[in-house]
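All remarks here apply to the structure that follows.
The values are calculated or read from the model by the stated rules, or taken from the named source; none is laboratory data. Keep in mind that what you see is a predicted model, and the values were worked out from it rather than measured. Using ideal geometry, Cβ is built from the backbone for each residue, glycine included, and neighbour counts are taken over all protein chains shown.
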Amino acid sequence: MTAPKTLYDKIWDAHVITEDDDGTALLYIDRHLVHEVTSPQAFEGLRDAGRKVHAPDKTIAVPDHNVPTTLDRAGGIISNEESRIQLDALDKNARDFGVHYYPVDDVRQGIVHIVGPEQGWTLPGMTVVCGDSHTATHGAFGALAHGIGTSEVEHVLATQTLIQQKSKNMKVEITGKLRPGVTAKDVTLAVIGATGTAGGTGFVIEYCGQVIRDMSMEGRMTVCNMAIEGGARAGLIAPDETTYEYVKGRPHAPKGAEWEMAMEWWKTLFTDDDAHFDKVLVLKGEDIAPVVTWGTSPEDVLPITASVPAPEDFEGGKVDAAARSLEYMGLTPGTKLTDIPINTVFIGSCTNGRIEDLRAVAQIVKGKMVADGVRALIVPGSGLVRAQAEEEGLGEIFTEAGFEWRLAGCSMCLAMNDDQLAPGDRSASTSNRNFEGRQGKGGRTHLVSPVMAAAAAITGHLTDVREML
Ligand SMILES: CC(C)[C@H](C(=O)O)[C@@H](O)C(=O)O
Ligand code: SF4
């Protein structure tokens, strides 16, 4: 009898080509996703060495971070030179090396972590890498998915393999049910609030429990997306009927006999009873409230019903960190979170730019108006998400409510394109990072779920969405 294995162990073992005594392994990579920011030097390296891409058919390129999201972007004018150079380089490299490519004018273009699953590139049991930390998103399918650096991008392009050290196993179980107004985003933020941003360091997290089982694929992607903010190498969720239903019929999903063969393997992708986890966290779904971050770290999480904390509420190094956060965020301890005014709302990103997120937002904002003085953006994660939203009449709901309804890209998730906060601007944002300057120099970010962002857009301050349900 073989020892019981975790889901992570199983996927790892199925991809090891060689393993050294010290645990360093060479892994086979099933999918390599590529965007414009971390790939130019890697392709240049191949060119200099006269090499080809080893598996162009398993390599998928799409521009996302630098693309303008305004409706007139087809004009192709990108004022920022660095952005333009990166986008031009991706275009040339994708064509020269013959990889799959969704250029900016293709309806399938979007944020790489939304495009991969949408097109059926991401499948259970695979190894998926990308020169991007939020590759963790794909773990929602029961794929071992993580970010890699630019030199590793070159290594994978050249060999379709990656040198890796195995991580430890961590289990995060969310039991019971979520209360109304509480979403996958609140779950993933609550987990980081509980573990801290270093809680997952050295681990691959498997998320499980009834709350995860009840979640849609969109929600599961939101949860896994932020595994990286919890410090983990990757996040994973065992595939089930929800997964298969999402995958079936997608352009690059297996069909016919191949589907049956794939299902045989996929059905083995679960953690065996009695498999060992090195660390375990259990949260009750009923205990999770709609949350919001007050500081400049994703672990600075509080229920929306709470007040801004004081540095003395913390211990050790966190006392100074909190003081600095509060100063940067321009917040006074004791202020009720719901009394914090915002002037910007950003709904989008690879965390929350999927169709389900937009449907939930539409339910909150339908027939209402964005508050005076608030600039509110809704940026779909892909051209296909936008098309679907248009078909369902959501685009009209958004524009009638006073939102800017944009084209797909990373947009205001990070300040690499024209969508940015100005110094002192304060946003309610559905993205995943709230570091100083993340959304623009001097900008202040409160991370929230899509429905919480929608509620803030309507009232002009951080708001408990449960009052608007
Ligand atoms: C630009 C890219 C390398 C970066 C990442 O790795 O995550 C970005 O996507 C981010 O979210 O900060
Ligand atoms: S949407 Fe944000 S987090 Fe996701 S890949 Fe783009 S910049 Fe990174």
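Looking across the range 313-356, the residues that are buried (at least 19 other Cβ atoms within 10 Å of the Cβ), in contact with a Pro (Cβ under 8 Å, 6 or more places away or on another chain) and in a loop (DSSP other than H, G, I, E, B) come down to 348, 353. Considering the range 424-441, the residues that are over 14 Å from the mean Cα position of the chain (by Cα), within 12 Å of ligand 1 (Cβ to nearest atom) and crowded, with 19+ Cβ neighbours inside 10 Å include one that is nearest to residue 345 (Cα to Cα), namely 439.
Residue by residue, here is whether (1) within 30 Å of residue 299 (Cα to Cα); (2) among the aliphatic types (A, V, I, L, M) holds:
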| position | (1), (2) |
| --- | --- |
| 353 | yes, no |
| 364 | yes, yes |
| 373 | yes, no |
| 383 | no, no |
| 416 | yes, yes |
| 421 | yes, yes |
| 429 | yes, no |
| 434 | yes, no |
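In this structure, is residue 45 away from ligand 1 (no atom under 15 Å from the Cβ) and touching an Asp or Glu at 6+ places or on another chain (Cβ under 6 Å)? Criteria met by residue 45. The listed residues are 370, 379, and the only one of them that is more than 16 Å from ligand 1 (Cβ to nearest atom) and not charged (D, E, K, R) turns out to be 370. Tallying residues that are within 16 Å of ligand 1 (Cβ to nearest atom) and more than 17 Å from residue 160 (Cα to Cα) within the range 1-34 yields 0. Taking the range 144-170 as the range and being surrounded by fewer than 21 Cβ atoms within 10 Å (Cβ to Cβ) and under 22 Å from residue 279 (Cβ atoms) as the test, the residues that pass are 147, 165, 166, 167, 168.
Of the helices (runs of 4 or more DSSP H) lying entirely inside the range 216-269, those containing at least 1 residues that are under 25 Å from residue 357 (Cα atoms) span 217-225, 241-247. You will find that of 125, 131, 116, the residue that is on the phi > 0 side of the Ramachandran plot and in the same structural domain as residue 161 (by TED's automatic domain parsing) is 125 and no other.
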